[in-house]
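Notes follow once the structure below has been shown.
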Amino acid sequence: MPNSSPALAGQLQNWFRTWLNRLPGEEEESLLYELIADGPASLVDQLSPNELQQWIRAWNKRFILSLGQELPRERFLCAFTAVEDTIYRLDQAELGHFVRWAAAELKLSVPEFTHQAATRARTGKNGQNRSLTDESVDLVDLLAALLWAWQPGRAGLRPAMMDSALREQLNTYITARKQANPHSVITLLGGAAGNMAGVLHGLGLRVGVYWTYHAPDLAALCPQSLGRLALEGNKTRFYPENSGDPTHPKRRSVIFSYAPGLQTEPEIEAETGKPESGFKTEPQTFDRQIYRYPFFVRPERGWSKMVLAAPSGQQVPILDPDDRLLRGEGWPFLPLFGEWRESGDTFTFTVADDAQIQQIARRFDYILLSGLQALGDPLLNLKNAAGQEINEPARHFIQQAMRRHLSLLARYGVRLHMEISGLYNPPVARLVRDAIQGSVKSAGINQEELAQITGSGTFRGSPFFLAARRENETGPTGFVRRYERALHLAQAFNLDQLYVHGNDADLILVRGLPRGAVRQALLANLFAKGVVVLALLRRSQSDWQKEAARMGIVLKKDGFLALLAMADAIAQDTFLVHPDDRETILRQFAFNGYWYNRDPKGYSVVVVPVMWPDLPPGLSTVGAGDAVSATFTALSLL
Amino acid sequence: MIYQSVDQTELTRLLEQLSRADSKMQLTAASQLGRLGIRSRSHGTARGSFFIAASPRLSQAQERILLQPLTGDQPDLRREIAFAVGEWAGEAATPALATIAQTDADSQTRITAAKALAKIGGRQAVLTLRTIARKDEHEDVRAAAIEGLGLLASASVVVDRIAATDQEVAHTLQLLDEIRKIDTSQYVRTLADGTLTRLAA
């Protein structure tokens, strides 16, 4: 059983309290002014100025009092994804370093290098004429992916770096930059489970982790008192996190984090004397570009065959003809409880049996799942020359094992929560949905991925797709659209809870819960969203307390307008509300933050305005979504 | 410029509506006056400060019309009027607001009146807010007074360039320090602490 971490216990919570103690009264006045002077009258004028003032005060008070809540003593397990995240913080000078270095490596002039990257960014094609979003094949693609993401309306991608030479080239560069400018590079425990475990551990909760591979480099990034669950023989054991195994492979992501205003033009001008560029673009927001390792890597592996083994003895191979995908160095990622071994020329993964799953269930109250989208991994979807899938049996085996594990855990009373991420196409979404249905009742997702799954052309015609409306999907009315999308997704996955973390307001859908639990979810969310900012600071900066002391919570207009828009939409819904009750419903929702659906099969709605402070420049928000989702789940105990 | 020009015809219409007998129309007019007050002043600018009360934005006759419903028997209307008074009136409205802030049976109305006092400012408003911060039985009213004192003290340091060591300001800081130690409500103690920290910063 994992212990809480005495050295860290409550550290973030204590700091959060100090931070909120500085909440200025001016924030309320300022927000009131912004709402009345600048907010849409159709929404804002439904409440009188005095009511708006009372409304803001009520939320402010609720926020402050939410900090006093007791932290849970339940036990949490975070599974399955952990990677080493190397974050390269790009400012204008570092961007210049990178551009000059990459151009020199390719023996190109800076203008020629940037021109090639701009051309690829414009077309969205990489150096092999495939999608930039799928793979970066050379150094030009690395810059092209950045320039692509910097265009208006775009966001960072997650291309894979399949080529080991490119990965090595980039690693060498990053290592050199870390030596030259230590502030520019930080290495963190990443991956969804890593992010989740990091923040829960920082809060002092009882948290353990489970992941298949645990190389020393990864272990060194884990807090020492974090327990790692391992399945050995017919037992489950806990190990301290600093005990990495050198025979294990590892996976990294190199992340370029950037701030608004970066440009490639100054580098061109420095070389040519004129700011020539055919592709002028710069990031509009703080964001990041993730260059992924496509698989776990340990080059000196001794095996060439992969086998999946069931407790019953059944075996299914995973095929990679001619090492086409794993290229002699890659290891499969399997989001399952189990045990692997190398024996001769064979890698065997034996999935956990019922007794082992029961042992896990006895140790934990909650399991926070991630990485289930690996069912869509290229390895499991390989096709032969005739276009036929060759690993369909292996994929089916994994999906069945996953379903069995989750179903058993749920039956033993473990609450399962999943972070929905990386469901890039309908087949993957279907595979995951079918694996979790009936077992996983709670999920988290960010607003962008929600829009992707329910609104992008890729998903048109699938059960996840919700036909677009004419209304603009930004602003307060856009938030109502987000609610409709969330409702659709929750129904498609048959979830009892769906938590959508957003930039303006968070949205929580719950069904089958009493009002008290709905209200607790709201308070947990207020706390979770703020404390994660501190967690991000703490992991990124050694003097985080000093930085935190300079920050303050901000009451933001967008979040409050989103809540008002949602309250208005529910109040106007003919099927949900009697016309005589509309004014009452609007006020109750706005003041309480939730609308309680009396139909036990229907979803109640919680909307919580986000009160994040403005983040200091250079702070990496990689993994913030995972961290928020985990903290919310842990504190709400939904 | 703190204030922008106001459509006088609209202002007159709203004040006329306020003096009619129909309570629903009075309530609407009071709300619209509150909105108009906010929409016609600049963002982030305090009306009054610790020592200097805000100048009235209405004539004496208009101010009288505005204050009239403050003593009426409808809490909804009293609240909306108190809000509007904070946006439009000057020091002459302070006694009426102070009475409401200390004696109104409805705590929400007392809160709104306290906030209005904090917008108008001046010595009498400060004294009233100090009393409320110490004595009101409802934590939300005490909290509103504390926030109001904080706003006025902050405005004085910024606008009047008064040092936090000034005796009047020092008294208020001392009071906040006392409240953060002894108030029975955790919420009020937290706010007092936060306001002190803010002022110290």
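Table for the structure above
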read-out	value
Positions within region B:41-53 being within 14 Å of chain A (Cβ to nearest Cβ) and either aliphatic (A, V, I, L, M) or not in a loop (DSSP other than H, G, I, E, B) (or both), in sequence order	B:41, B:46
Flag for residue A:330 being buried (at least 22 other Cβ atoms within 10 Å of the Cβ) and touching a strand residue (DSSP E or B) at 6+ places or on another chain (Cβ under 7 Å)	yes
Helices (runs of 4 or more DSSP H) (entirely within region B:75-162) containing at least 3 residues that are touching a Ser or Thr at 6+ places or on another chain (Cβ under 7 Å) and within 13 Å of another protein chain (Cβ to nearest Cβ)	B:75-88, B:139-155
Identity of the residue in region B:25-40, more than 8 Å from every other protein chain (Cβ to nearest Cβ) and hydroxyl-bearing (Ser, Thr, Tyr), that ends up nearest to residue B:88 (Cα to Cα)	B:40
Among the candidates A:608, A:622, residue that is under 23 Å from residue A:567 (Cα atoms) and among the β-branched types (Val, Ile, Thr)	A:608
Scan of region B:11-24 for residues that are surrounded by 13 or more Cβ atoms within 10 Å (Cβ to Cβ) and over 23 Å from the mean Cα position of the chain (by Cα), ordered by number	B:13, B:17, B:23
Within region A:333-357, considering residues that are in a helix (DSSP H, G or I) and buried (at least 16 other Cβ atoms within 10 Å of the Cβ), the one farthest from the chain's Cα centre (by Cα)	A:356
Candidate set from region A:130-183 (those that are among the polar types (S, T, N, Q) and outside any helix (DSSP H, G or I)); member that is surrounded by the most Cβ atoms within 10 Å (Cβ to Cβ)	A:136
Candidates B:167, B:186 - the one that is at the interface with chain A (Cβ under 10 Å from one of its Cβ atoms), surrounded by fewer than 14 Cβ atoms within 10 Å (Cβ to Cβ) and over 24 Å from residue B:35 (Cα atoms)	B:186
Lone unmet requirement of (1) within 19 Å of the chain's Cα centre (by Cα); (2) part of a helix (DSSP H, G or I) for residue B:196	(1)
Meets criteria (at negative phi and at pLDDT 90 or above) for residue A:268	no
Contacts under 7 angstrom Cβ, first residue in region A:57-69 being over 14 Å from residue A:13 (Cβ atoms), partner buried (at least 20 other Cβ atoms within 10 Å of the Cβ) and among the charged types (D, E, K, R), 6 or more apart	A:57/A:28; A:60/A:28
Helices (runs of 4 or more DSSP H) contained in region A:19-81 and holding at least 1 residues within 11 Å of chain B (Cβ to nearest Cβ) and in contact with a His (Cβ under 8 Å, 6 or more places away or on another chain)	A:25-38
Tabulated pairs, region A:401-429, first over 21 Å from residue A:196 (Cβ atoms), second in a loop (DSSP other than H, G, I, E, B), C-beta under 6 angstrom, 6+ apart or interchain	A:401/A:336; A:407/A:439; A:426/A:462; A:429/A:423; A:429/A:464
Qualifying residue in region A:108-127 (condition: surrounded by fewer than 20 Cβ atoms within 10 Å (Cβ to Cβ), in contact (Cβ under 8 Å) with a residue 12 or more places away in the chain and of a type in the set (Asp, Glu))	no
Candidates A:137, A:199 - the one that is closer than 22 Å to residue A:327 by Cβ and β-branched (Val, Ile, Thr)	A:137
Single unsatisfied condition, residue A:413 versus (1) in a helix (DSSP H, G or I); (2) at positive phi; (3) not basic (Lys, Arg)	(1)
Region A:579-638: number of residues that are assigned to a helix (DSSP H, G or I) and aliphatic (A, V, I, L, M)	9
Total residues in region A:82-108, condition basic (Lys, Arg) and part of a strand (DSSP E or B)	1
Residue in region B:7-19 that is over 17 Å from residue A:50 (Cβ atoms) and in a loop (DSSP other than H, G, I, E, B) present	yes
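Yes/no matrix, rows are residues, columns are (1) on the phi < 0 side of the Ramachandran plot; (2) assigned to a loop (DSSP other than H, G, I, E, B); (3) in contact with a helix residue (DSSP H, G or I) (Cβ under 9 Å, 6 or more places away or on another chain); (4) among the charged types (D, E, K, R):
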{"position": "A:194", "(1), (2), (3), (4)": "yes, no, yes, no"}
{"position": "A:223", "(1), (2), (3), (4)": "yes, yes, yes, no"}
{"position": "A:238", "(1), (2), (3), (4)": "yes, no, yes, no"}
{"position": "A:245", "(1), (2), (3), (4)": "yes, yes, yes, yes"}
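For (1) within 24 Å of the chain's Cα centre (by Cα); (2) hydroxyl-bearing (Ser, Thr, Tyr), each residue gets a yes or a no:
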site	(1), (2)
A:194	yes, no
A:201	yes, no
A:206	yes, no
A:217	yes, no
A:223	yes, no
A:228	yes, no
A:231	no, no
A:236	no, yes
A:245	no, no
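The values are calculated or read from the model by the stated rules, or taken from the named source; none is laboratory data. Computed from a predicted model, the values in this text were never measured in an experiment. Glycine also receives a Cβ, built like all others from the backbone with ideal geometry; neighbour counts cover every protein chain displayed.
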